[in-house]
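Student: Next up is a structure, given as structure tokens.
Bear in mind these aren't lab numbers, they're just calculated from the coordinates by the rules spelled out. Bear in mind the structure is a predicted one, so any value in this text is a computation, not a measurement. Backbone-built Cβ (ideal geometry, glycine too); neighbour counts: all protein chains shown.
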Amino acid sequence: MKIGVMTFHWATNYGAVLQSYALVKCLKEMGYEAEDINYLPRETMLKLRFFDLYLRRFVNIKRSSIFKKFRKNVLTVSKKTYGSNRALHGITNEYDAIITGSDQIWNKSFLMTAEKKPTPSYFLDFVPENVLRISYAASFGSNELSEEVKKYGLPELRKFHAVSVRENNAVGLLGAEGIPAKAVCDPTLLLEPASYAEIIKPLDENDRVELFNFLLRTGRDSTDKTNQYMVDSLFAGKKSLGEAIIPVEDWLWKLKNSDFVVTDSFHCVVFSIIFHKPFLAINDKNCAMNARIRTLTERLGLAHRVLEEYDTEKIRKIVADQEFDWKSVDEKRRAWADESKEFLIQSLRGNIWKL
């Protein structure tokens, strides 16, 4: 059985490429032939290239180069490239099933602007009727369904054989629209640490950071002040990651070998858990995308590691708490992964949630 995966494998983001790697890797370990469909929406790619090259942003150019190399060396991507939704409609007998997910593939912004017109590519509008349509850990990147998603996305979702999402609240949102959905774990949680050891590049001890401070959404007190407090007070004089732009393999190594992790990144929290690292997860109460960290930490019994607003007393308490029952966390993580793999197995057999 050959499976095509539609996801943001092209994004210059650690979490995006690692979840892409993880889902295809998991499907292969389950005995399927799988690859990412190399959908590179032309308008979006040109826009990214403009920002990288014509505006001469060295940081963006370096970041793009790093992720391009990772995709080439690590990801399994289709030989054929599809530059538009129209091109995707040319897919006929290449796959027995197409899975859309994970990441914020159902985000309203991409749906409406990716090709300068409504583009339901990640809602699988191009998939032939004889091919299984499945979503795995898909996300809307929002706590509510926009009118645009309801108009262009939901009609396509009603054609799916099985729907799964990443956040618990999305189950309710879709259920209210008459679309049954299951909450499953992010693809990165489907794999054991050994599967990531295959791609981690060993570094010298001098490359180790004691504080792995990886922050995506700066400009908030919850992130900026917390980071400053950690660097200047609790980890004063310690080596930290800061704003370093490093290869994906090095990013994993540094996280795995750090003493403590502070982050507002969902996938950084995931890998802190996988590698058994003490962490503080910043999940700003005003962030529209905070449901995924909440779902993750609550499911694994780690909600007490979450900070919703800048609070030095709570920060000190979280950092001081080095007691983790990793055995219990791993048991919950593996149970969730097994449950999610069963969703994939049954969906690929066409057995469940026929709509």
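Student: Based only on Cα atoms, what Rg/Rh ratio does region 307-355 have, Rh being taken as Kirkwood's radius? Write down the numbers at each step before the final one.
Tutor: On the way: Rg = 18.8 Å, Rh = 14.3 Å.
On the Cα set of region 307-355, Rg over Rh gives 1.32.
Student: Mind checking which of Y136, G301, Y95 is farthest towards the positive end of the chain's charge dipole, using Cβ charges of +1 (Lys, Arg) and -1 (Asp, Glu) about the Cα centre?
Tutor: Highest projection toward the positive end goes to Y95.
Student: P(r) for region 60-116: what percent of alpha-carbon pairs falls in each 10 Å bin, starting at zero?
Tutor: Answer for region 60-116: a P(r) of 16, 37, 43, 4 percent.
Student: Oh, and also: Restrict the search to region 259-355; then list the trypsin sites (Lys or Arg not before Pro) that DSSP places in a loop and that have at most 13 other Cβ atoms within 10 Å of their Cβ.
Tutor: Working: sites: K285, R292, R294, R299, R305, K314, R316, K317, K327, K332, R333, R334, K341, R349, K354; in loops: K285, R349, K354.
For trypsin sites (Lys or Arg not before Pro) across region 259-355 that sit outside H, G, I, E and B with at most 13 neighbouring Cβ atoms in 10 Å, the list reads K285, R349, K354.
Student: Compute the distance in nm between two label points, each set 7 Å from the Cα along the Cα-to-Cβ direction, one at K150 and one at E210.
Tutor: Label-label distance for K150 and E210, simple model: 5.4 nm.
Student: For the chain, give the magnitude of the charge dipole about the Cα centre (Cβ charges: +1 Lys/Arg, -1 Asp/Glu; no others), in debye to the nearest 20. If you can, show how the numbers build up before the last one.
Tutor: On the way: 52 positive and 47 negative charges, 214 e Å.
Its charge dipole is roughly 1020 debye.
Student: Find the percent of Cα-Cα distances in region 192-240 that exceed 16 Å, and round it to a whole number.
Tutor: Working: 665 of 1176 pairs.
Taking all Cα-Cα pairs of region 192-240, the fraction more than 16 Å apart is 57 percent.
Student: Now for a separate question. When the convex hull of the Cα atoms of region 226-296 is projected onto a plane and the area is averaged over all directions, what value comes out in nm²?
Tutor: 5.2 nm²
Student: Continuing with the same structure: Hey, if you put +1 on the Cβ of every Lys and Arg and -1 on every Asp and Glu Cβ in region 220-355, which of P247, G350, S328 ends up farthest toward the positive end of that dipole?
Tutor: G350
Student: Follow-up question, since we're still on this one. Please list, by residue number, every one of the GluC sites (Glu not before Pro) in region 183-257 that is coil in DSSP and has at most 16 other beta-carbon atoms within 10 Å.
Tutor: Details: sites: E198, E205, E210, E243, E249; in loops: E198, E210, E243.
Counting only loop positions with at most 16 other Cβ atoms within 10 Å, the GluC sites (Glu not before Pro) in region 183-257 are E198, E210, E243.
Student: For region 53-168, which semi-axes, largest first and in whole Å, follow from the square roots of 5 times the eigenvalues of its Cα gyration tensor? List each step's numbers first, then the result.
Tutor: Numbers: eigenvalues 133, 75, 44 Å².
Computed over region 53-168, the values are 26, 19, 15 Å.
Student: Using a cut-off of 15 Å between beta-carbons, work out the net charge of the residues near E29 (Lys and Arg +1, Asp and Glu -1, E29 not included).
Tutor: Values: positive: K25, K28, R334, K341; negative: E33, E35, E192, E198, D338, E342.
With Lys, Arg at +1 and Asp, Glu at -1, the neighbours total -2.
Student: Okay, moving on. Could you state the angle between the C-alpha long axis of helix 58-73 and the longest principal axis of the C-alpha atoms of the chain, as a value from 0 to 90 degrees rounded to the nearest 10?
Tutor: In the chain, helix 58-73 runs at an angle near 60 degrees to the longest axis.
Student: Please list, by residue number, every one of the trypsin sites (Lys or Arg not before Pro) in region 148-255 that is coil in DSSP and has at most 12 other beta-carbon atoms within 10 Å.
Tutor: Working: sites: K150, K151, R158, K159, R166, K182, R208, R217, R220, K225, K238, K239, K254; in loops: R158, K159, R166, R208, R217, R220, K238, K239.
Answer in residue order: R158.
Student: Region 52-127 to region 153-229: how many Å between their Cα centroids?
Tutor: If you average the Cα positions of each part, the centres end up 18 Å apart.
Student: OK, next. Okay, helix-only estimate at 222 nm for the chain: each DSSP H run of n ≥ 4 adds -39500 (n - 2.57), divide by all residues, round to 500 deg cm²/dmol; what do you get?
Tutor: Details: 14 runs with 135 residues, N = 355.
When only DSSP H runs of four or more count, the value is -11000 deg cm²/dmol.
Student: Here's a follow-up. Take the Cα atoms of region 110-223, find their three principal axes, and give me the spread along each one in whole Å, biggest first.
Tutor: 54, 38, 30
Student: Between K62 and E331, how many nm apart are label points set 7 Å from Cα along the C-beta direction?
Tutor: It works out to 4.5 nm between the two label points.
Student: Further question on the same structure: Determine which residues of region 231-266 fall in the zone a paramagnetic label at Q322 would reach in this model, i.e. backbone nitrogen under 12 Å from the point 7 Å along Cα→Cβ.
Tutor: Taking a point 7 Å out along Cα→Cβ of Q322, the residues of region 231-266 whose backbone N falls under 12 Å are 259-260.
Student: Quick one: dipole size for region 137-237, taken about the Cα centre, charges +1 on Lys/Arg Cβ and -1 on Asp/Glu Cβ, in debye to the nearest 20. Display every interim value, and only then the final one.
Tutor: Details: 11 positive and 16 negative charges, 112 e Å.
Using Cβ point charges on Lys, Arg, Asp and Glu, region 137-237 gives about 540 debye.
Student: In addition: How far is helix 326-348 tilted off the main Cα axis of the chain, in degrees rounded to 10, range 0 to 90?
Tutor: That helix lies at roughly 10 degrees to the long axis.
Student: What is the ratio of the Cα radius of gyration of region 263-355 to 2.2 N^0.38 Å, with N the residue count, to two decimals? Numbers along the way, then the final one.
Tutor: Numbers: Rg = 15.8 Å, N = 93, 2.2 N^0.38 = 12.3 Å.
Here the Cα radius of gyration is 1.29 times the empirical estimate.
Student: For the chain, divide the Cα radius of gyration by the Kirkwood radius and give the resulting Rg/Rh value with two decimals. Write down the numbers at each step before the final one.
Tutor: On the way: Rg = 20.0 Å, Rh = 21.0 Å.
Result: Rg/Rh = 0.95.
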